[in-house]
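Here's the structure, in structure tokens; my notes come after.
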Amino acid sequence: MKHIREINLELRWPTAAEAVDRLKAELAACRQMHTPVVKIIHGYGSSGKGGRIRTACRTYLKEAAEAGTIGGWIAGEHFSIFDETTRLCLRTWPLLRQDRDLDGENRGVCYVFWQH
């Protein structure tokens, strides 16, 4: 893996539905290109409670993981060396150790992968 693919869903201030549609399309393209792991930037919302885009994207990712469309995902606040799934991903894709949000508890991002 030469780099982590990063997708910023906040660009152009989309609605939650538009952001999820873009997320679906981007993940389908990444899967076709055999991109092993993707960092999704969905933001945290201006209310400080978690925005609509964040909630909608994470709901979709949960459903996609359950359906087997994606291998799994890690919420940014759990992207830590103390998280078992993160440690598995770090062993599989060591380049993830260079990500600026590792151990940063960033609630505005998440990571999607297809396999370990």
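Quick note on the range 5-113: its Rg to Rh ratio, both from C-alpha atoms and Rh being the Kirkwood radius, is 0.94. Each stretch of four or more DSSP H residues adds -39500 (n - 2.57); spread over every residue of the chain, this sum gives -11500 deg cm²/dmol at 222 nm. The residues packed around W114, meaning those with a beta-carbon under 13 Å from its beta-carbon, carry a net charge of +2 if Lys and Arg are +1 and Asp and Glu are -1.
Dipole magnitude for the range 5-113: computed about the Cα centre from +1 point charges on Lys and Arg Cβ and -1 point charges on Asp and Glu Cβ, it is near 140 debye.
For the range 5-113, what relative contact order do you get, as a whole percent, if you take Cα pairs closer than 8 Å and at least 6 residues apart?
On the way: 148 pairs, mean separation 33.3, N = 109.
Normalised by residue count, the contact order of the range 5-113 is 31 percent.
What FRET efficiency, computed as 1/(1 + (r/R0)^6) with R0 = 30 Å and r the Cβ-Cβ distance, is obtained for E84 and A28, rounded to the nearest 0.05? Given R0 = 30 Å and the Cβ-Cβ separation, E is 0.60.
3J(HN,Hα) along the range 5-11, derived from phi through the Karplus expression 6.51 cos²θ - 1.76 cosθ + 1.60 where θ = phi - 60°, amounts to 6, 10, 10, 9, 7, 7, 4 Hz, with x in place of Gly and Pro.
Around L23, under 15 Å between beta carbons, what's the net of Lys plus Arg minus Asp minus Glu among the other residues? Neighbourhood net charge equals +4.
The base-10 log of I(q)/I(0) for the range 75-116, evaluated at q = 0.18, 0.19, 0.31 Å⁻¹, reads -0.42, -0.47, -1.24 [Debye formula, identical scatterers on Cα atoms, solvent excluded]. Highest mobility in the GNM of the chain, judged by mean-square fluctuation with C-alpha springs under 10 Å and restricted to H42, H78, H34, is found for H34. If you take all other residues with their beta carbon under 13 Å from the beta carbon of E77, and give Lys and Arg +1 and Asp and Glu -1, the sum is -1.
Every number in this text was worked out from the coordinates using simple rules, so none of it is lab data. Please read all numbers here as calculations on a predicted model, not as lab measurements. FYI the Cβ positions are ideal-geometry reconstructions off the backbone, even for glycines, and counts take in every protein chain you see.
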